[in-house]
Amino acid sequence: MSSRTTPSQTVGPFYSIGFSWLERTDLTGGAGTGAHLTVRGRVLDGDGQPVPDAVLEIWQADAQGRYAHPEDARELIGNPFFGFGRVPVNDAGEFCFKTVKPGSVTRADGVKQAPHLEISLFMRGLLRRLVTRIYFPAEPENGSDIVLARVPIARRHTLIARPDAKSGNTLLWDVHLQGDKETVFFDY
Amino acid sequence: MQPLRGYRKALPGTQPEYLHPPYRSSARRAPTQPPISLPDTLSEITGPIFPKDIVGAKACDLTRQGRTEPLGERIIVTGKVMDEDGRPVRESLVEIWQANAAGRYLHKWDQHDAPLDPNFIGVGQAFTDEEGRYRFMTIRPGAYPWKNHANAWRPQHIHFSLFGPAFATRLVTQMYFPGDPLLEFDPIFNSVSDEAARNSLISRFDWDPTTPEIALGFRFDIILRGRNATPMESK
């Protein structure tokens with residue numbers, strides 16, 4: 001007989017004492033090839049107020065679309081890219097991290113996913129994490145991505161970062177927990 | 001080529017809903033739209049596997065992080081991390097954090113009028129062993145007041161954060177203590193509607209780790225998601 005997964009509980013308001021030792025806002029170390037970029041944004045609650053006590057965790061593939069994990073059977077070619085980030089927001093609800101643009105991820109059966117970052121979001125008030133994704137603007141493969149295809153067209157923009165007019169290698173992506181612009185979250 | 005083997009979804013009631021009105025801060029932070037179901041992809045069945053050397057040897061002993069021993073009741077917290085099919089989760093990172101014996105966190109926003117202990121930081125890390133076991137030495141945390149409702153008090157608890165083998169298995173939870181009279185009034189503990197699942201958050205006193213002249217032992221086993229039995233074809 002199988003047992004049940006332990007229930008999730010909130011990280012609470014003071015999670016940063018437990019999380020800060022593993023903060024990682026620059027994921028580019030060891031990345032080798034690939035375009036470096038900065039992702040900036042804010043986390044906003046249902047009143048449009050910034051959330052000052054949230055933390056994002058990032059998981060992503062390298063520039064060739066490979067994950068540093070044994071279940072990605074493809075060989076990592078001399079590339080120690082790790083792909084994990086832990087990014088707290090500041091008191092104004094703003095976050096910022098540097099990373100390498102991931103390649104498209106090809107499944108063993110040949111199905112391709114457009115380049116994306118997996119995001120876990122934790123904060124006081126969330127009894128379990130929220131899961132979402134960041135996709136890249138003007139990416140031809142977004143049109144055939146198997147996950148974006150499940151998202152109503154009117155809400156897809158919440159998952160796609162916007163270019164920053166002020167800086168060529170910066171992308172903007174905000175999290176709206178509620179409201180007209182509510183970010184798409186996933187159940188997995 | 002092998003199809004992907006995904007992870008099983010939670011049974012109804014065994015995980016909290018995002019919106020749980022008795023927990024006041026969920027009201028403006030819980031999404032209002034239903035989440036969209038993800039297909040099985042490589043992005044969720046992979047995840048960070050941390051090298052063991054990121055954690056120092058003393059990180060699992062929260063009573064040895066100051067100049068001298070912290071105040072409070074020394075306890076040993078230990079257990080096994082397994083998946084839903086009872087397989088041990090090996091060599092996997094476990095993080096904990098908690099209030100001190102007086103119910104105060106070492107955090108700039110904690111305004112509870114209780115003393116900080118200069119010898120207690122309240123943060124630890126460990127890796128599970130080959131059988132999925134972890135072990136911490138710490139101080140029993142105090143209960144503390146919070147502003148959720150009139151005369152609200154959190155039961156004694158230790159925060160746990162686990163990664164497991166994949167993005168899909170990431171879990172942050174809280175461990176409670178047996179017989180705590182505050183549990184029945186706590187909206188966070190009671191956000192889990194399934195009684196058996198809820199009670200699995202309560203550790204149990206255990207003679208086995210209890211060490212003569214040193215500390216009482218509490219056992220807290222943690223179950224991470226299991227995998228689908230047969231590879232699922234998904235689009």
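A compact table of results
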item: Filter pass, B:E184 being closer than 16 Å to B:M82 by Cβ and either away from chain A (no Cβ under 12 Å) or in a strand (DSSP E or B) (or both); result: no
item: Among (1) in a strand (DSSP E or B); (2) surrounded by fewer than 15 Cβ atoms within 10 Å (Cβ to Cβ) - the single one A:A138 does not satisfy; result: (1)
item: Single unsatisfied condition, A:V11 versus (1) part of a loop (DSSP other than H, G, I, E, B); (2) over 16 Å from A:R129 (Cβ atoms); (3) not polar (S, T, N, Q); result: (2)
item: Odd one out for B:G86 among (1) free of Cβ contacts under 8 Å to residues at least 12 places away in the same chain; (2) closer than 30 Å to B:H149 by Cβ; (3) surrounded by fewer than 20 Cβ atoms within 10 Å (Cβ to Cβ); (4) at the interface with chain A (Cβ under 9 Å from one of its Cβ atoms); result: (2)
item: Conditions (1) modelled with pLDDT under 95; (2) out of contact with any Leu (no Cβ under 6 Å at 6 or more places or on another chain); (3) away from every other protein chain (no Cβ under 11 Å); number of the one not met by A:G110; result: (3)
item: Residue satisfying condition, being without any contact (Cβ under 8 Å) to a residue 40 or more places away in the chain, under 29 Å from B:R225 (Cβ atoms) and surrounded by 15 or more Cβ atoms within 10 Å (Cβ to Cβ), within set A:Q9, A:Q60, A:Q64; result: A:Q64
item: Of residues in segment B:80-94 being touching a strand residue (DSSP E or B) at 6+ places or on another chain (Cβ under 8 Å) and of a type outside the set (D, E, K, R), the one farthest from B:D53 (Cα to Cα); result: B:M82
item: Search result, residues across segment B:32-48 that are surrounded by fewer than 20 Cβ atoms within 10 Å (Cβ to Cβ), in contact with a strand residue (DSSP E or B) (Cβ under 9 Å, 6 or more places away or on another chain) and either facing another protein chain (nearest Cβ under 7 Å) or among the hydroxyl-bearing types (S, T, Y) (or both); result: B:P35, B:I36, B:S37
item: Exclusive hit being among the small types (G, A, S), part of a loop (DSSP other than H, G, I, E, B), within 14 Å of another protein chain (Cβ to nearest Cβ) and within 24 Å of B:P3 (Cα to Cα), set A:G103, A:G125; result: A:G103
item: Test result for B:R198, within 12 Å of chain A (Cβ to nearest Cβ) and without any contact (Cβ under 8 Å) to a residue 24 or more places away in the chain; result: yes
item: Filter pass, A:F97 being in a loop (DSSP other than H, G, I, E, B), among the aromatic types (F, W, Y) and surrounded by 18 or more Cβ atoms within 10 Å (Cβ to Cβ); result: no
item: Residue check for B:Q15: under 18 Å from B:G226 (Cβ atoms) and not charged (D, E, K, R); result: yes
item: Search result, residues across segment B:1-18 that are within 21 Å of the chain's Cα centre (by Cα) and either within 7 Å of another protein chain (Cβ to nearest Cβ) or buried (at least 16 other Cβ atoms within 10 Å of the Cβ) (or both); result: B:Y7, B:R8, B:A10, B:L11, B:G13, B:T14, B:Q15, B:P16, B:Y18
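Table: residues versus (1) within 29 Å of A:V105 (Cβ to Cβ); (2) more than 7 Å from chain B (Cβ to nearest Cβ); (3) without any contact (Cβ under 8 Å) to a residue 24 or more places away in the chain; (4) in contact with a Ser or Thr (Cβ under 7 Å, 6 or more places away or on another chain).
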| residue | (1), (2), (3), (4) |
| --- | --- |
| A:F19 | yes, yes, no, no |
| A:T25 | yes, yes, no, no |
| A:R42 | yes, yes, no, no |
| A:G46 | no, no, no, no |
| A:A54 | yes, yes, no, no |
| A:P70 | yes, yes, yes, no |
| A:A73 | yes, yes, no, no |
| A:F81 | yes, yes, no, no |
| A:G85 | yes, yes, no, yes |
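The values are calculated or read from the model by the stated rules, or taken from the named source; none is laboratory data. Values in this document were obtained by computation on a predicted structure and should not be read as measured data. Note that each Cβ is placed from the backbone with ideal geometry, even for glycine, and that neighbours are counted across all protein chains shown.
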